[in-house]
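What follows is a single structure, written as structure tokens, with notes after it.
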Amino acid sequence: MKNVIWKMTIVLAVIPIFIIGCGKSEFFGEPFSGDAPKTTIKQMLENPADYVDKTVLIEGKIKEVCPAGCWFFANDDFGELYINIGPSGFAIPNKMGHEVVIEGEGFMSNGKIILLGKSVEIK
């Protein structure tokens, strides 16, 4: 009987910790400005010139991450976007498949729009 009570106590103590820990977002880089206009990956890919030298906020899922964590691809239902965070001086862990929010500035490289990420939230 003591063994059952002991096991139940452990289970009841661990479950809340697990639930609380799973719901936390991780933040990297600068704090979000709070005033960057929200756009989509689709809009950035369809109208890249509209986003050059402009700070925007996008959401998507992490598709691929550099082994060092200095760049990654974010995608949504319409395409994927290369996010470079190395120049901003931070890296992210490999969290492929997780939802991500990125604030950064658009720029062109080899004819493609890229986002220089300054703030990242991984959900």
- What nm value, rounded to one decimal, do you get for the distance between ASN110 and GLU30 when each label is placed 7 Å out toward the C-beta? 2.7
- Task: Let me know the Rg and Dmax you get for region 26-122 when you use only its Cα atoms, in Å.
- Result: 11.8, 32
- Note on the structure: Most packed first (mean Cβ within 10 Å per residue), the peptides 44-50, 31-37 order as 44-50, 31-37
- Query: Hey, which aspartates and glutamates would be in cross-link range of LYS123, C-alpha to C-alpha under 19 Å, not counting anything within fewer than 8 residues on its own chain?
  - Reply: GLU26, GLU30, GLU59, GLU64, ASP76, ASP77, GLU80, GLU99, GLU103
- Note on the structure: Charge tally for neighbours of LYS38 with beta carbon under 11 Å away, counting Lys, Arg as +1 and Asp, Glu as -1, is -3
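Values in this text are rule-based calculations from the coordinates and carry no lab data. Worth saying up front: this structure is predicted, and the values here are computed from it rather than measured. Because the Cβ atoms are built from the backbone with ideal geometry, glycine has one as well, and the counts that use them run over all protein chains shown.
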